[in-house]
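Quick notes on the structure that follows.
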């Protein structure tokens, strides 16, 4: 299996506390995709939306061009479900968490970038979480003609594909893991693939997610390293 | 494609009410302090009255994507082109639409489903300054008269609000328009071929001039003037004058918000300040775009941030203003605030000199209260002495300071006690 | 103490360590502060990112740079009165719920003699009820003495500003050198609420602004950095 | 049964101890599925699916339009799911609810990724005239798992589509349709969705009812095709789950998919 | 047709293929004085009725009148949504929708004028039969979707709605049965018109006879009271009278099957 192991994830950058008015925010760059996330919470919530047992999570996904449509709603729901499962919602009943995801630049792997950005923003806001969600996108491409001699149906895996990679691929899968056990929290895979290929994608994603968690940890240590002891 | 305005309307109609956290309450203490400080020429961020905050301009990979920061105010603008039909009333012109998007990300009370008064205001003002002043050549956007033309969409996303949104938005908008390239088109008989970016070099928009907004806030019955007000300053100001002006000193729009009684001279004064400001800003923008184009040529695809604090802004303003020196009252005020350079870090030194020789160390009265120095009339002697501030009445200093509030709770018997912040209740 | 090994460790949510771990041979009682929770298997799970702190003999918590205040009983906070409902004032203390403040909870207040409080006033008080299920309640009477003890409405030429919760705690910590050092140069009064709100009273507005900005700048500074910064300011 | 309404979680646990669900199914058992096609004569293709009590109808209307500038040689397929107020008290009248929008987008993604219909087949004349297939799905009764039912309905309805013959007059450039001669499309692949949900972080149950959806977390939907390939996997939230569990779902989905495909084949003949 | 952000984008304009084919024949009645579908003008269409189709609803019904298929569900009585709507008598909220694929031409998602008009007639007809005074401060919601429209959709909808209300155990003075008739010249009353007959252009009739239109009547059969009339087209008053009479008779005939449908359902519960 081809895997450009030296730089599987491209350039990762994360800047926290970038917005003044939010409780937590993060500007997350993976490769050339760039997402800005702001988080409020635990904040007050209208009575009509309150839940007496646990906090409510709302995600607002904002595209760069045009108005949010059905595609954004799908993303919102996906991210919202992840937030709901990682945030310890029962700690803050009757409150709301509001997550706003603003796409700054989409050059592929948008979904995983957005989830990682949300993860960092939640972390910045100091929200109690079961674990940190970490997402990786893997694209499955048909091998180019030169490689054909080996096997006809062998596929190439691209981690964190760019827009161009995504266009050329037959299937795209995004996996979300928890940062502690690397168990899967969410998954989104679209396009035909065999069970084995799926498993391979998962394996690669899991490997890559470890890098990202390491990056998360580094960012946190950089942030808090100056705390007086 | 649907007309985007109609879509927007429908979106607003149908989208549910979203969760908006409460806006932090604004106290009288802050209000009074701000006004008092401003009347002595002091601003919370230690700027001079006529000093701008730090401006940062950065670009995305795409053409026409620009993020501008003024202090903590942050706006992103993205320009997109769409092949469309020209308006019947103007068959030989393309169109320019401005959309202002405000979401909760920028400020708790911003409703993403409707732009609100502020959002509509910004949209109107951008339209007035850019479209009505004919800053962009719309005729060049026409492909075939009455049939095909480009429609340019200018999306302005407000990302963070700390006052003076309009200045930030106008810089972002103009920079994005200036930076934008739209695909080249060939007309072959009946067919119109849109070339991709690879086939033919895309074309920049023709921007005739760059009108930029400069906001000037008035305080204390219009006696005090401050450029680039922050959110808190906007809360306590009497009102502001917002001018759209280009570097040729052509005024494109002027608006007064709030309750102000100001003289003609004061307005003229503002115009001059704004003109100076617009000139420096224009240079900054052109410089930023040039840096970006150079970087792109070199193959650097990373979005580069051009940060520039107009350091000499103050000097320029001062010199320009003295050149045009008039003897109106307002100039004196303006000059006065410029000359009040004493308002710097050594203010603390002055305080230092005034105080008694003996150093006072931190006195911790209880876990959450501490005090330092002599303050006013012996406020914390603990002998019931009346404090002029009326705050530290009979404060005991006997509690042993503890590091953490969470450390108490010694009476718990369980093996593991969960003391989360939310669950914390003894 | 072996617990010291954990002190200062940087943790992120999801990190797990067990009470039975090698480096954590404590007495069988452990108290967990904010940012830590347990699961059924008696493992300790981190749920906030930051620095793990240990305090002898048996307390662990996570220091985290949080903005949003979560009310906790007995903490002293600064709030702003937003409205009045019958005998109660609503106070914005920066938490998800507004706190309530009974108008009897002022020193010397009685049915006849109500305190003169209006919207926008800044109040310094102690949380006497803080529970995730009900709105917090504030009181300006110290329950131990029945006196105001410095609490009440704050007025004067002061400035109110917000800092991160962590910075607030840091300033109050006896380890932090900033306030004592600052106090040796300038005279000022400062009240720090654990909800990250700070009221600062100085001789002049310029001084207030300077000190405010200095305090805000120390969020990510260590003690040595603070000293350096102060030296730069004063010498 | 009363207990089931008052203390849903607790009573459900007692059922699960016996490895059975309140409606008598085993954990991985799906409900009875009924597929009916072509019952709406006004639609160009239609299908009604009953999955237990859940009922989804899909009607396809074919119309002629000018293709988009980006894809002049391709037709357009637009799915749209409506969870009207009629089907459950969960929904309010008006524009589609959030859940309906998510299903719409799911179906759209599915159609795009597995090319059930090659949109190039829908082209009548390049850059001038193409078919647009409006696939409108309406949920008539919502008792959980609308997603599986809507995938089944959509695919069956598309297989059922017959469109009239169109000729374009060379001189006038005007199209002419012959309503008498109708032809079906070549549809490729028979994707089939199976949804699972997780109760209490440990029990995976297939094809949840509405009540089960309320007390469980984290839907897993696996779409398989006739080669037992995975076409679409969607897992939204829920507790972290080890991979072995996921593989169990995939295995069950493959099994279930091959059963469902018999339905497609039965109605297609 | 305007789309909104909650649905996927669709082409701005598209046309039904029927627009491009040769036009339809010009008369409603064949030479052998039979209708296009082979029925006698007086012959009614068979009706199929079912209760409890939507298990989630309080009450529901499904009605099939030749090919016209209507599904209806009833929720409530429940609290009014807005305090302004607080009244001492109950509120009946109806929603009438043609499915996008139900007609020859595709219908939009947003209610058009025809739908809102039919909804109004439906609401009127039902409010006179439901004992609204028994449901103070509450509202009853009636949702109707026409899955296939092959004429007489309104009549089928009214009958179905009343059936669903009865199924939901909402108190009614009487059940409402509705029927419609196509008036085509003075002497032709086509009962239970098909889609083609209902929407057949009016001006194509005999030149000296302007009587032309569709009449729908809602009737409470046991009380023998008419609770709703919708007449479209123009006709002499005597012809209208006769048309209403025809409809009334036909609606009266529906009583027995309606009763049977409801009681058989009850039988099920008792067993």
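Kindly provide the set of residues from the stretch D:25-43 that are more than 7 Å from every other protein chain (Cβ to nearest Cβ) and under 23 Å from residue E:104 (Cα atoms), ordered by number.
D:36, D:37, D:38, D:39
Are there strands (runs of 3 or more DSSP E) fully within the stretch A:62-163 with at least 2 residues that are within 12 Å of the chain's Cα centre (by Cα)? List them.
On the way: elements: A:96-105, A:133-142, A:155-159.
By residue number, A:133-142.
Counting only residues that are outside any strand (DSSP E or B), within 19 Å of residue E:121 (Cα to Cα) and touching a helix residue (DSSP H, G or I) at 6+ places or on another chain (Cβ under 8 Å), how many does the stretch E:171-197 have?
Total satisfying the criteria: 3.
Could you grab me the full set of residues in the stretch D:83-102 that are out of contact with any helix residue (DSSP H, G or I) (no Cβ under 6 Å at 6 or more places or on another chain) and in contact (Cβ under 8 Å) with a residue 40 or more places away in the chain?
If the condition is that a residue be out of contact with any helix residue (DSSP H, G or I) (no Cβ under 6 Å at 6 or more places or on another chain) and in contact (Cβ under 8 Å) with a residue 40 or more places away in the chain, then D:84, D:86, D:87, D:88, D:90, D:91, D:99 are the ones that fit.
Does residue C:172 satisfy being farther than 23 Å from residue A:96 by Cβ, in contact (Cβ under 8 Å) with a residue 40 or more places away in the chain, within 11 Å of chain B (Cβ to nearest Cβ) and crowded, with 20+ Cβ neighbours inside 10 Å?
On the way: farther than 23 Å from residue A:96 by Cβ: yes; in contact (Cβ under 8 Å) with a residue 40 or more places away in the chain: no; within 11 Å of chain B (Cβ to nearest Cβ): yes; crowded, with 20+ Cβ neighbours inside 10 Å: yes.
In short, no.
Here is a list of conditions, (1) facing another protein chain (nearest Cβ under 9 Å); (2) surrounded by fewer than 24 Cβ atoms within 10 Å (Cβ to Cβ); (3) over 21 Å from residue B:106 (Cα atoms), and residue A:72 meets all of them except one; can you say which number that is?
With (1) facing another protein chain (nearest Cβ under 9 Å); (2) surrounded by fewer than 24 Cβ atoms within 10 Å (Cβ to Cβ); (3) over 21 Å from residue B:106 (Cα atoms) applied to residue A:72, the lone miss is (3).
Please go through the stretch A:53-69 and give me each residue that is more than 14 Å from chain E (Cβ to nearest Cβ), out of contact with any strand residue (DSSP E or B) (no Cβ under 8 Å at 6 or more places or on another chain) and surrounded by 20 or more Cβ atoms within 10 Å (Cβ to Cβ), ordered by number.
none
Within the stretch C:100-127, track down each residue that is crowded, with 19+ Cβ neighbours inside 10 Å and either under 18 Å from the mean Cα position of the chain (by Cα) or facing chain B (nearest Cβ under 10 Å) (or both).
Passing the criteria: C:121, C:122, C:123, C:124, C:125, C:126, C:127.
Return yes or no: is residue D:75 crowded, with 22+ Cβ neighbours inside 10 Å and under 28 Å from residue E:142 (Cβ atoms)?
Values: crowded, with 22+ Cβ neighbours inside 10 Å: yes; under 28 Å from residue E:142 (Cβ atoms): no.
Here the answer is no, as residue D:75 does not meet what is asked.
Okay, residues lined up against (1) at pLDDT 90 or above; (2) over 26 Å from residue A:223 (Cβ atoms); (3) assigned to a helix (DSSP H, G or I):
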position: C:106; (1), (2), (3): no, yes, no
position: C:125; (1), (2), (3): yes, yes, no
position: C:142; (1), (2), (3): no, yes, no
position: C:166; (1), (2), (3): no, no, yes
position: C:170; (1), (2), (3): no, no, yes
position: C:174; (1), (2), (3): no, no, no
position: C:194; (1), (2), (3): yes, no, no
position: C:199; (1), (2), (3): yes, yes, no
position: C:214; (1), (2), (3): no, no, yes
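Enumerate the strands (runs of 3 or more DSSP E) found wholly within the stretch D:161-269, keeping only those where 3 or more residues are within 14 Å of chain A (Cβ to nearest Cβ) and in contact with a helix residue (DSSP H, G or I) (Cβ under 9 Å, 6 or more places away or on another chain).
Qualifying strands (runs of 3 or more DSSP E): D:192-199, D:217-224, D:230-236.
Yes or no: the stretch B:99-107 includes at least one residue that is in contact with a strand residue (DSSP E or B) (Cβ under 8 Å, 6 or more places away or on another chain) and over 22 Å from residue A:61 (Cβ atoms).
No, there is no match, as no residue in the stretch B:99-107 is in contact with a strand residue (DSSP E or B) (Cβ under 8 Å, 6 or more places away or on another chain) and over 22 Å from residue A:61 (Cβ atoms).
Do we find a residue being surrounded by fewer than 23 Cβ atoms within 10 Å (Cβ to Cβ), in a loop (DSSP other than H, G, I, E, B), within 14 Å of chain D (Cβ to nearest Cβ) and in contact with a strand residue (DSSP E or B) (Cβ under 8 Å, 6 or more places away or on another chain) anywhere in the stretch E:88-101?
yes
Can you name the condition, by its number, that residue B:211 falls short on among (1) surrounded by fewer than 18 Cβ atoms within 10 Å (Cβ to Cβ); (2) closer than 20 Å to residue B:126 by Cα?
Of (1) surrounded by fewer than 18 Cβ atoms within 10 Å (Cβ to Cβ); (2) closer than 20 Å to residue B:126 by Cα, only one is false for residue B:211: (1).
Tell me which of these residue A:33 doesn't satisfy, since it passes every other one: (1) more than 28 Å from residue A:197 (Cα to Cα); (2) away from chain D (no Cβ under 14 Å); (3) modelled with pLDDT of 90 or more; (4) in contact with a helix residue (DSSP H, G or I) (Cβ under 7 Å, 6 or more places away or on another chain).
Answer for residue A:33: the failing condition is (1).
For the stretch C:210-235, which residues satisfy the criterion of being crowded, with 16+ Cβ neighbours inside 10 Å and over 21 Å from the mean Cα position of the chain (by Cα)?
Within the stretch C:210-235, C:210, C:229, C:230, C:233, C:234 qualify.
Take residue D:154 and decide whether it is in a helix (DSSP H, G or I) and either surrounded by 22 or more Cβ atoms within 10 Å (Cβ to Cβ) or free of Cβ contacts under 8 Å to residues at least 12 places away in the same chain (or both).
yes
Results for (1) touching a strand residue (DSSP E or B) at 6+ places or on another chain (Cβ under 9 Å); (2) in a helix (DSSP H, G or I); (3) more than 10 Å from every other protein chain (Cβ to nearest Cβ), shown as yes or no for each residue.
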{"site": "A:173", "(1), (2), (3)": "yes, no, no"}
{"site": "A:186", "(1), (2), (3)": "yes, no, no"}
{"site": "A:191", "(1), (2), (3)": "yes, no, no"}
{"site": "A:202", "(1), (2), (3)": "yes, yes, no"}
{"site": "A:207", "(1), (2), (3)": "yes, yes, yes"}
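Exactly one condition in (1) within 12 Å of chain E (Cβ to nearest Cβ); (2) surrounded by fewer than 22 Cβ atoms within 10 Å (Cβ to Cβ); (3) in contact with a strand residue (DSSP E or B) (Cβ under 6 Å, 6 or more places away or on another chain); (4) modelled with pLDDT of 90 or more is not met by residue D:46; state its number.
The failed condition is (2).
Mind listing whichever residues of the stretch B:71-97 are within 22 Å of the chain's Cα centre (by Cα) and surrounded by 22 or more Cβ atoms within 10 Å (Cβ to Cβ)?
Passing the criteria: B:73, B:74, B:75, B:76, B:77, B:78, B:79.
Can you spot a residue in the stretch E:68-80 that is modelled with pLDDT under 90, within 10 Å of chain D (Cβ to nearest Cβ) and in a strand (DSSP E or B)?
yes
Would you mention how many residues in the stretch B:38-51 are within 9 Å of another protein chain (Cβ to nearest Cβ) and crowded, with 22+ Cβ neighbours inside 10 Å?
3
Answer yes or no as to whether residue B:157 is closer than 26 Å to residue A:45 by Cα, in contact with a strand residue (DSSP E or B) (Cβ under 9 Å, 6 or more places away or on another chain) and buried (at least 16 other Cβ atoms within 10 Å of the Cβ).
Judged against the criteria, residue B:157 is a match.
The values are calculated or read from the model by the stated rules, or taken from the named source; none is laboratory data. Note that the structure is predicted; figures quoted are calculated from it, not measured. Heads up, the Cβs are rebuilt from the backbone with ideal geometry, glycines too, and the neighbour counts pull from every protein chain shown.
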